[in-house]
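Here the structure comes first, spelled out in structure tokens, and everything after it is commentary.
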Amino acid sequence: MEKMSEKRVVLLSTTLLLLIPLVVCDLSDYTGMTADDQQVFDLINQYRTETANVSALAFNKAAGCVAHEVAFKFKDNPCTNSTGANTLYGKEQIPDYVNILKTCDVSLDNVKGSQIQPNCLPSGLAPGSGPTVAARNITMDSGYQEYLNDSSYKSGGVGSVGSWYVLALATDQPDGNFGSTPGSLGTTNGQDPLHVSFFTFCGLLVLWIFAAF
């Protein structure tokens, strides 16, 4: 009986050691675009297909993560917009950019050909109108249009925090794809790998306990 218990302890210890990499494989807490982000993304794609006559953007999870992190960095910055669409294109310097890329597991070499475009919302908007105004800001500004109309951008993501919305555009080339390939672009609201791994760990542990006893 003691030998059997020792074997169970060894088996449990081995199982835990094998499953630890699953739990710590991804430290990013990004799970996908929010409903507001998705609305902006859909409106941008509507502009691309109906006005610019280029293909819709696929969702790129790494680009979405970077967009979200950039928006988070801007969240305490006051918005200088007094109307809908007068954010000065290209004037916002992204703080802590290298660390943002590290958070999202993106290499600097994979974003040199990409575009990251912050935009903020004026105060006093009607409740629920933020995504529509943000999309209008981006699609009506000539600075943003230059890139939205460019068919070389194949995927992207939107991130938002407070009054800030950020659009990230990615190409399908290594120097601008955020490290993603067409088969790994992700889903708009997919679970984070950390969460999936945690549930996998719990499930396997429960199965082991039943099998052992």
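The values are calculated or read from the model by the stated rules, or taken from the named source; none is laboratory data. What you see is a predicted model; the values in this text were computed from it and never measured. Please note: Cβ atoms are built from the backbone with ideal geometry, for glycine as well, and neighbour counts cover all protein chains shown.
Of all the residues that make up segment 118-131, how many are modelled with pLDDT of 90 or more and touching a helix residue (DSSP H, G or I) at 6+ places or on another chain (Cβ under 7 Å)?
Adding up the residues that qualify gives 2.
Select from segment 9-56 the residues that are over 14 Å from the mean Cα position of the chain (by Cα), assigned to a loop (DSSP other than H, G, I, E, B) and modelled with pLDDT of 95 or more and list them in ascending order.
Listed by number, the residues that qualify are 51, 52, 53, 54, 55, 56.
Looking only at segment 170-187, which residues are modelled with pLDDT under 75, outside any helix (DSSP H, G or I) and at negative phi?
Of all residues in segment 170-187, those modelled with pLDDT under 75 come to 182-184, 186-187.
Filter once more, so that each one left must be outside any helix (DSSP H, G or I): 186-187.
Selection gives 187 alone.
Being in contact (Cβ under 8 Å) with a residue 40 or more places away in the chain and of a type in the set (Gly, Ala, Ser) is the filter; apply it to segment 122-141 and report the residue that is farthest from residue 44 (Cα to Cα).
Our first condition is that a residue be in contact (Cβ under 8 Å) with a residue 40 or more places away in the chain; within segment 122-141, this holds for 122-123, 130-141.
Going one step further and asking which of them are of a type in the set (Gly, Ala, Ser), we end up with 123, 130, 134-135.
Numbers: 123: 22, 130: 14, 134: 10, 135: 6 Å.
Once the filter is applied, the top-ranked residue is 123.
So, in segment 32-63, of the ones that are of a type in the set (Asp, Glu) and surrounded by fewer than 23 Cβ atoms within 10 Å (Cβ to Cβ), which residue ends up farthest from residue 159 (Cα to Cα)?
50
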